[in-house]
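A short worksheet on the structure shown next.
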Amino acid sequence: MRFASALLANARAPQRESIVPFQEILPLRLKNRESLCSKEVQTFNKCYKTFMDTSFQAKKVDSQGAVKPGKDLNYKQLNKYMRRYPNP
């Protein structure tokens, strides 16, 4: 049986920050300028809002438990439907 020290003998040790040279290549700067593309930001926000509204409505329908038989069922609805009509 091998011990943990034998298994970890070849493991890489963590480096110390004082030894590792770090040179900042590009200064990080906040690039959140909405004034140049306000039209695109507004259309994105509108699209995101409609997505969130439709996903909220879908979650609301799923939580009610209304399952309609059809070909566009997700896995939760399919499982509920199959539990109603088990195989004998």
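Computed from the coordinates by the stated procedures, all read-outs in this text should not be read as laboratory data. The model shown is predicted, which means the values in this text are computed figures rather than measured ones. When we count neighbours, we look across all protein chains shown, and the Cβ atoms used for this are built from the backbone with ideal geometry, even at glycine.
Checking the cross-link filter: which lysines have an alpha carbon closer than 20 Å to that of Lys68, excluding same-chain neighbours under 8 positions apart?
Lys59, Lys60, Lys76, Lys80
For Ser63 and Cys37, what is the calculated FRET efficiency with R₀ set at 41 Å and r taken between the beta-carbons, to the nearest 0.05?
It comes out at approximately 0.60.
Based only on other Cβ atoms within 10 Å, what is the fewest-to-most ordering of Ser18, Ser55?
Ordered from fewest to most neighbouring Cβ atoms within 10 Å, Ser18, Ser55 come out as Ser18, Ser55.
Which lysines does Lys39 reach when only Cα atoms under 19 Å apart count, and residues fewer than 8 places away in its own chain are ignored?
Excluding near neighbours in sequence, the set is Lys31, Lys49.
Taking the Cβ-Cβ separation of Tyr75 and Phe44 as r and a Förster radius of 25 Å, what is the calculated FRET efficiency to the nearest 0.05?
Efficiency, rounded to the nearest 0.05: 0.25.
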